[in-house]
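Following: one structure in structure tokens, then a few remarks.
Any read-out appearing in this document is the output of simple, stated calculations on the displayed coordinates, not a laboratory observation. Keep in mind that this is a model prediction, so the values were computed, not measured. Quick reminder, even Gly has a Cβ in these numbers, built from the backbone with ideal geometry, and neighbours come from all protein chains shown.
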Amino acid sequence: MRMTGAALVLTLLGALSGIGPVLAQAPDATREVNITQGSEAGWIPSEELEAKALASWQRFYALLEAGDDDAAHAMMSEGFRAQYSLAQFRSDRAAARAIRGALITRDQVRLNWTKDSPAVPYPGIYVAIDASARFAAVDRFCGYTILYLAPGAQDFTVMRFQETLIDNAAFADIAATSSPLQAQLVWRLTSRSCPNYTPEPLPGTVSDGIEYRTVAEARAAVAAREGIETKVENGWTVIAHRASFSVWSFAPEGAPTYPAVIKRWAVPNGTDNSAASIAMICESRKSACDAVFDEMAYKNGFVPVTFEK
């Protein structure tokens, strides 16, 4: 399945490399401050600096929503403006507003700070602001913005931003032509480009197609079938049953998803093709279960890996 038109907009702008893993946190339990590896030892951004960064972030996006693209472009760093012309910026933002409609809410998810790290291109203070948002025509939106404060400068500039979304019409189209589960999987895998963003959980219908109530019941019944082939892959016990065109994968003890079973099967349709399906029963932590199902669906081609704009 490939999506066209306004189905998916993925914008990656700027040239700043990743800032690295978060290693430190401010001792004040009432205020979360995440500082990345390699930052100046002992440095913690003040509350005033954080407020200034958030004010710049809010001002940048307020200008974009108001259609004042020239002023927003002026807030970007000199290097960013050099590679992203004002004409292209205007065109891109007009297209984005046409797809999304009016802003409903924008929420910061997390702030990650860096100061004078050897991993960044210029000395100074960086803050990556992870965020999510909702618009009139887009319920699924996430991304991040990297702000930069040069030594001696008074104001933050925008050095990079990334926005990932799937508009509501495209989501509904996938749900109608494939399934609601497929639509959710598309968004869950697409939104992996958004740091610290948590998409909506997979629905309970993820188990549809498995004829057993529990993992233990499924394992006992499948293992007792005639004509099965069993092997171990990455610790998982994989049982193939050719007569039913099905493959059953059982999580090993000690895995975050244990106990769990993922069933993959095909239904011949009388032609050279067949309809492939996937389902899961997982009795472990919901987030771990959803993550492993994402991986299995992705690896087995149940989710598209390329998109056309």
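Of note:
- Rg/Rh for the chain (Cα atoms only, Rh after Kirkwood) is 1.06.
- The chain: calculated mean residue ellipticity at 222 nm from DSSP helix runs of at least 4, using -39500 (n - 2.57): -9000 deg cm²/dmol
- Over 18 Å [Cα-Cα, the stretch 227-269], rounded percent: 29 percent
- Dimensions of the stretch 174-309 along the principal axes, based on C-alpha atoms and rounded to the nearest Å, stand at 47, 42, 25, largest first.
- Distance from the stretch 48-111 to the stretch 229-249 (C-alpha centre basis), Å: 50 Å
- Cα extents of the stretch 101-203 along the three principal axes, largest first (Å): 55, 28, 18
- Note on TYR126, TYR144, TYR212: ascending count of other Cβ atoms within 10 Å places them as TYR212, TYR144, TYR126, the fewest first.
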